[in-house]
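Structure first, then comments.
The values are calculated or read from the model by the stated rules, or taken from the named source; none is laboratory data. Nothing here was measured: the structure is a model prediction, and the numbers come from that model. Ideal geometry is used to build each Cβ from the backbone, glycine not excepted, and the neighbour counts take in all protein chains shown. For the accessible areas, the whole protein counts, side chains as well, though only heavy atoms, and no ligand, DNA or RNA atoms are used. Shrake-Rupley method; radii C 1.70, N 1.55, O 1.52, S 1.80 Å.
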Amino acid sequence: MNSIEEKIREEAKRLLDEKKVDVVIGYETGTLPLQTAPCFITSSDEVDKLVWNPCCKQNLAIYVHSALTQHRESQKRVKPEDKKAKIVAVVARGCTSRSLVIHLQEKQYNREDLVIIGVPCQGYIDKNKLEAKVDGLEVITGSIDGDAIKVETSKGKTELSLIEVTADNCLECRFCNPVIHDFMAGEAIPVYESDDEFAVVDEFAALPEADRWDYFSAEMNKCMRCYACRNICPSCYCKVCFVEQSQPEWVGAGVNPSDNQVFQIMRMFHMAGRCVDCGSCVEVCAEGVDLRKFLKKLDKDDLDLYEHRAGAELDKEAPLSTFRENDAESFIFEPK
Amino acid sequence: MEAKLIKKAALGDIVKKIAGQKPVYAPVKEGSKVHFKFLAKGESPFLAYANSVNAPKNLFFPQTETLMHYTKTARGNELVEESETFSEMVLFGVRPCDVRSFKLLDMVFDQKQYSDPYYVEKRERTTIIALACRQPPFSTCFCTSVGGHPAQADGADILISELDDDYLVEFLSPKGEKLIKLFGDLRAADEAALNRKKELSDEAVAAIKSHIPATEIKTWLDSNFEHPFWDSIHQGCLACGTCSYLCPTCHCFDIRDEAQGDDGIRLRTWDSCMYSIYSQETSGHNPRPGQKQRWRQRLMHKFKYFVDNYDAISCVGCGRCVMSCPVNTDIRKIVNDIAKLN
Ligand code: SF4
Ligand code: SF4
Ligand code: SF4
Ligand code: SF4
Ligand code: SF4
């Protein structure tokens, strides 16, 4: 057990024992090698389930949102004197904390509803990178030993370095440390030295238009429209998503190139200034669709045009919810 | 039934030859993922596959299917049946678990009283060539717990089993025998080959590492529709339906019309009990209001309702849902945990 894990467990135990929170949302060891699952701890006897390691992948902020929203719904018809409060604690690294900030800015719940157990984060193992390294073979056993990962497949055992399978968004992350927290389970760490965070966008933008279109279409054709990407995304919390609306029907239900593209384009545009580049949408996708390249472009525009970074500062207004007369609008009138 | 032998190296070309004559739906590797797809001209199937991401059910029960076209006219609605007719097809490289899935899907789509013409037509026109598992391809495979077998493929038209230098090719049905010519030079299988097959098949069974008490939990399920256990499995679930979409036995669908002006099409698309709108009623009421009720449905349908209706478990143990669930919800663990409550 590492010291961060130990501190998470101690804090979770204290919060539950002192009845400061009703549930602690964190990660537990999964049933498959190098996997974890989100876990929901309600009693301090169970805090030893909580883990922290490079297999902790999902941004947990969406679970905070649904726990608090469901609770609010459940209290709607309760007499005022019988209403109960619900406080949720969550294990949050940088990107998760930024998503929580977005929720707070968008008035989804109150700061008092939330206890943030902050963790410094060095990134997680990208399932697509790992899959490519082992050429699509099943990882039969896997363990992490410092900076190395030992994996066993049907072709034998190999050792990989952690960094070569760390997700791209993590390698370029400027927010390894939570932007807000109530407790820190570990010292803040320095960010990775990435030469250019937006190289992926610039390289793609430099390609001829036809190549960009081909890449985009090919990625969208892989999509099976399960909406796992939307469902894990903390910024996709609408009660009824446009995808499920039938009057009007914004996007057809069939899996075909145009409806797939419409779905993804419409979802992505909701993410301007709201995507924290946690990589969760890519990580959950069973078909390995590359959504990040396009979302990162929105991130870049957010920074270049509005000097804003999604969820980085609680008291900074977000571009989608603010209007200024001198707002950049070149992308409307002179699209490239 | 005829049993023949071919050299291992010859199989790829045989499939290519078949594909020159009829559409062949077979495993293809793209990047590091394997999918069932129609082979392009001159394309060979990927033979060294474990199993595919998507289930071969897509061939008979596609994710999106046009059922009919309609036009609004002054005289009322004119309906035109979807005119796509299917030539004879070959489904190559189906693992035994997935072959079993067709038997289960037949129970739903091909009944005496209700028969689904879209499914049945494609099914009847397709010859299924199964590829036995010499070794279980994944550590998550649990076919033997749900009535399957890694090396038997009841329901296939041809079964191919890997021996040492050869493949043993068994033509199991008249449909399968029709393809014999396309296999070229075949040697008759001798006793030794059949014995070797038996030996390897026993080894494959012994190599299955995952076991679940799939039939044993039925009595518990019969009487525990309400139980605190159901509060413990769904919290991490994203309701993404990846488990249903990739499952070879899931068969729920939705039907809707998509119209443009006076013309429209009636579409059938996959659906999943993991989605909130799956059971949403027009009034706004939802009898399965949360993911708890939805996960209970998924489990009950596979291990109880289907057993009540058709006397079979609606899971073939392929492990796709286990491997592809983005939050590692593991149906094997859930079944095992239920058995502990018994
Ligand atoms: S994006 Fe940053 S904070 Fe988020 S997981 Fe990666 S390294 Fe950690
Ligand atoms: S998770 Fe992947 S397959 Fe599912 S809708 Fe999103 S992009 Fe498509
Ligand atoms: S794949 Fe996993 S997360 Fe998605 S609906 Fe199924 S159980 Fe839930
Ligand atoms: S329930 Fe899971 S293991 Fe069973 S057949 Fe479906 S995908 Fe395969
Ligand atoms: S009800 Fe659920 S588990 Fe059953 S077939 Fe439909 S999607 Fe699959």
Item to check | Out of B:Asn51, B:Asn58, sole residue that is within 16 Å of ligand 2 (Cβ to nearest atom), within 14 Å of chain A (Cβ to nearest Cβ) and not basic (Lys, Arg) | outcome: B:Asn58
Checklist entry - Limited to segment A:40-61, what total is found for residues that are buried (at least 23 other Cβ atoms within 10 Å of the Cβ) and within 9 Å of another protein chain (Cβ to nearest Cβ)? => result 2
Checklist entry - Taking segment B:328-342 only, how many residues are within 16 Å of ligand 2 (Cβ to nearest atom) and surrounded by fewer than 19 Cβ atoms within 10 Å (Cβ to Cβ)? => result 0
Item to check | Only listed residue being of a type outside the set (Phe, Trp, Tyr), farther than 21 Å from A:Ala318 by Cα, open to solvent by less than 20 Å² (accessible area, probe 1.4 Å) and assigned to a strand (DSSP E or B), chosen from A:Val151, A:Val115 | outcome: A:Val151
Item to check | Residues located in segment B:85-107, provided they are more than 17 Å from B:Ala55 (Cα to Cα) and surrounded by 10 or more Cβ atoms within 10 Å (Cβ to Cβ) | outcome: B:Phe86, B:Glu88, B:Met107
Checklist entry - Inside segment A:193-224, can you point out the residues that are outside any helix (DSSP H, G or I) and under 30 Å from B:Val53 (Cβ atoms)? => result A:Leu207, A:Cys223, A:Met224
Checklist entry - Since A:Thr69 meets every condition but one in (1) assigned to a helix (DSSP H, G or I); (2) open to solvent by 50 Å² or more (accessible area, probe 1.4 Å), which condition does it not meet? => result (2)
Next on the checklist: Of the conditions (1) under 21 Å from the mean Cα position of the chain (by Cα); (2) part of a loop (DSSP other than H, G, I, E, B); (3) away from ligand 2 (no atom under 16 Å from the Cβ), A:Asn59 satisfies every one except a single condition; which number is it?
Outcome noted: (3)
Next on the checklist: Given the criteria among the charged types (D, E, K, R) and within 20 Å of B:Leu172 (Cα to Cα), does B:Lys4 qualify?
Outcome noted: yes
Next on the checklist: Just to be sure before I move on: is B:Lys122 in contact (Cβ under 8 Å) with a residue 60 or more places away in the chain and surrounded by 13 or more Cβ atoms within 10 Å (Cβ to Cβ) in the structure I sent?
Outcome noted: yes
Checklist outcome for this item: Those helices (runs of 4 or more DSSP H) completely within segment B:150-234 that have 2 or more residues that are within 23 Å of the chain's Cα centre (by Cα) are B:174-177, B:191-207
Checklist entry - Any chance segment A:252-261 includes a residue that's within 14 Å of another protein chain (Cβ to nearest Cβ), outside any loop (DSSP other than H, G, I, E, B), under 15 Å from the mean Cα position of the chain (by Cα) and buried (at least 22 other Cβ atoms within 10 Å of the Cβ)? => result no
Checklist outcome for this item: Wholly inside segment B:44-138, strands (runs of 3 or more DSSP E) that include 1 or more residues that are in the same structural domain as B:Gly176 (by TED's automatic domain parsing) and at pLDDT 95 or above are B:89-94, B:126-131
Checklist entry - Would a scan of segment A:76-89 turn up a residue that is open to solvent by less than 20 Å² (accessible area, probe 1.4 Å), within 13 Å of ligand 1 (Cβ to nearest atom) and either polar (S, T, N, Q) or more than 14 Å from chain B (Cβ to nearest Cβ) (or both)? => result no
Checklist entry - Where residues in segment A:123-152 are farther than 15 Å from B:Met323 by Cα and among the hydroxyl-bearing types (Ser, Thr, Tyr), which of them is farthest from the other protein chains (Cβ to nearest Cβ)? => result A:Ser143
Next on the checklist: Among (1) modelled with pLDDT of 95 or more; (2) more than 14 Å from every other protein chain (Cβ to nearest Cβ); (3) more than 13 Å from A:Leu114 (Cβ to Cβ), there is one condition A:Ser3 misses while meeting the rest; what is its number?
Outcome noted: (1)
Item to check | Identity of the residue in segment A:251-266, touching a Lys or Arg at 6+ places or on another chain (Cβ under 7 Å) and at pLDDT 95 or above, that ends up nearest to ligand 1 (Cβ to nearest atom) | outcome: A:Phe263
Checklist entry - How many of the residues making up segment B:21-44 are over 20 Å from the mean Cα position of the chain (by Cα) and in contact (Cβ under 8 Å) with a residue 24 or more places away in the chain? => result 5
Checklist outcome for this item: Reported set for segment B:45-84 where residues are open to solvent by less than 60 Å² (accessible area, probe 1.4 Å) and over 22 Å from the mean Cα position of the chain (by Cα) is B:Met68, B:Tyr70, B:Thr71, B:Thr73, B:Gly76, B:Glu82
Next on the checklist: Considering only residues that are out of contact with any strand residue (DSSP E or B) (no Cβ under 6 Å at 6 or more places or on another chain), surrounded by fewer than 22 Cβ atoms within 10 Å (Cβ to Cβ) and within 25 Å of B:Gly176 (Cβ to Cβ), which ones fall in segment B:130-143?
Outcome noted: B:Gln135, B:Pro137
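Conditions (1) open to solvent by 40 Å² or more (accessible area, probe 1.4 Å); (2) of a type in the set (Gly, Ala, Ser); (3) in the same structural domain as A:Lys222 (by TED's automatic domain parsing); (4) part of a loop (DSSP other than H, G, I, E, B), marked per residue:
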position: A:Val289; (1), (2), (3), (4): no, no, yes, yes
position: A:Leu305; (1), (2), (3), (4): yes, no, yes, no
position: A:Asp315; (1), (2), (3), (4): yes, no, yes, yes
position: A:Ile332; (1), (2), (3), (4): yes, no, yes, no
Item to check | In segment A:318-330, the residues that are touching a residue at least 60 places away in the same chain (Cβ under 8 Å) and part of a loop (DSSP other than H, G, I, E, B) | outcome: A:Ala318
Checklist outcome for this item: For segment A:153-179, pairs from a residue that is over 30 Å from B:Gln135 (Cβ atoms) and within 14 Å of chain B (Cβ to nearest Cβ) to a residue that is within 16 Å of ligand 5 (Cβ to nearest atom) and part of a loop (DSSP other than H, G, I, E, B), with Cβ under 7 Å and 6 or more apart or across chains, are none
Checklist outcome for this item: Going through segment B:313-327 in order, the residues found to be open to solvent by less than 10 Å² (accessible area, probe 1.4 Å) and more than 13 Å from ligand 5 (Cβ to nearest atom) are B:Gly317, B:Gly319, B:Val322, B:Val327
Next on the checklist: Being buried (at least 22 other Cβ atoms within 10 Å of the Cβ) and not small (Gly, Ala, Ser): is that true of A:Phe269 here?
Outcome noted: no
